[in-house]
Amino acid sequence: MVLTISDLTPISLCIATQELLDSKRFRNNFCDFTLFKYKDLKFLGKIIETKRQLNSSSLEKNFLEGHKTAILSNIDKIISLVISRYANIDARAVERIVESAKTIMEKVLMASNFDQLAELEPEFKSKITLKVYELFTISSRPR
């Protein structure tokens, strides 16, 4: 069976969201490849300034709300895709994923700093990413 980008989207969104929830690594590694590889870019100074602000406890609030909205948007898309693609495979598993996703969305909304977001990464991985992956593998099997 040939997999399409569309087939991979739910699990890809899970992986991307999990990366966003690992906010310590996100902040520490922000644009590192670009910073180390392309020293001649005109906007390099802006990237360095942004990285410093991301890692400043007094300025992190500037980025936190935008970061949270990206996470929430991804989770919303994951819920939609999981329901539409996998409900016919295992409705009960889909129900559990959706309930877990809604709980995590609430926790994301309540997070007041990046460390609180980082605490959600293991829960997201176990209750969303791995469960979506299980459904993805079932749906990818030849019929």
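Separation between the Lys42 and Leu130 pseudo-spin-labels, each 7 Å from Cα along Cα→Cβ, expressed in nm?
So the label points at Lys42 and Leu130 sit 4.8 nm apart.
Quick one: Cα centre-to-centre distance for segment 75-96 and segment 23-40, in angstrom?
Segment 75-96 and segment 23-40 have Cα centres separated by 34 Å.
Using the Cα centre of the chain as origin and beta-carbon charges of +1 (Lys, Arg) and -1 (Asp, Glu), tell me which of Val108, Asn55, Ile78 is placed farthest towards the positive end of the dipole.
It is Asn55, whose Cα lies furthest towards the positive end.
Quick check: residue separation of Ser73 and Arg96 times 0.36 nm, minus the Cα distance between them. What number comes out in nm?
On the way: separation 23, 0.36 × 23 = 8.28 nm, distance 1.91 nm.
Here the segment from Ser73 to Arg96 would lengthen by 6.4 nm.
On a straight-distance basis, which aspartates and glutamates could pair with Lys102 in a cross-link, Cα separation under 14 angstrom, same-chain partners fewer than 8 positions away excluded?
Asp76, Glu123
What is the sum of charges around Arg96, taking Lys and Arg as +1, Asp and Glu as -1, for the other residues whose C-beta is under 9 Å from the C-beta of Arg96? Let's see the in-between values first.
On the way: positive: Arg92, Lys127, Lys131; negative: Glu95, Glu99.
Around Arg96, the surrounding residues sum to +1.
At Ser139 and Ser6, where each label point lies 7 Å from the Cα along Cα→Cβ, what is the point-to-point distance in nanometres?
The modelled label-to-label distance comes out at 1.1 nm.
For every helix of n ≥ 4 consecutive DSSP H residues, a contribution of -39,500 (n - 2.57) applies; sum these over the chain, divide by its total residues, and give [θ] at 222 nm rounded to the nearest 500 deg cm²/dmol. Spell out each step's value before the answer.
Working: 9 runs with 106 residues, N = 143.
Per the formula, -23000 deg cm²/dmol.
Note down the net charge around Leu117, summing +1 for each Lys or Arg and -1 for each Asp or Glu among other residues with Cβ under 15 Å from its Cβ.
Working: positive: Lys24, Arg25, Arg27, Lys61, Lys68, Lys107, Lys125; negative: Glu19, Asp22, Glu60, Glu65, Glu106, Asp115, Glu119, Glu121, Glu123.
After counting each charged neighbour, the total is -2.
Please determine, in degrees from 0 to 90 and to the nearest 10, the orientation of helix 130-140 with respect to the longest principal axis defined by the Cα atoms of the chain, where the helix direction is its Cα long axis.
In the chain, helix 130-140 runs at an angle near 50 degrees to the longest axis.
Once phi is turned into θ = phi - 60°, what whole-Hz ³J(HN,Hα) does the Karplus curve with 6.51, -1.76 and 1.60 give for every residue of segment 99-106, x standing for Gly and Pro?
For segment 99-106, the Karplus curve yields 5, 4, 4, 5, 5, 5, 4, 4 Hz.
Which is farthest toward the positive dipole end of the chain among Val94, Phe33, Thr69, measuring Cα position about the Cα centre, with Cβ charges +1 (Lys, Arg) and -1 (Asp, Glu)?
Phe33
Highest mean first, what order results for 25-34, 89-98 on Cβ atoms within 10 Å? Walk me through the numbers on the way to the answer.
Details: 25-34: 13.7, 89-98: 15.5.
Packing order, densest peptide first, comes out as 89-98, 25-34.
When a/c is below 1.5 the answer is rounded, else prolate if a/b is larger than b/c, else oblate, so apply that to segment 1-124 with a ≥ b ≥ c taken from the square roots of the Cα gyration tensor eigenvalues.
It comes out oblate by the Cα gyration axes.
Rank-order 103-113, 38-48 by packing density, defined as the average count of other C-beta atoms within 10 Å over each peptide's residues, highest first.
On the way: 103-113: 14.3, 38-48: 10.6.
By packing density, highest mean first, the sequence is 103-113, 38-48.
The numbers here are math on the coordinates, done by the rules we state, and not lab data. Values in this document were obtained by computation on a predicted structure and should not be read as measured data. Here the Cβ is made from the backbone with ideal geometry for all residues, glycine too, and neighbour counts use every protein chain on show.
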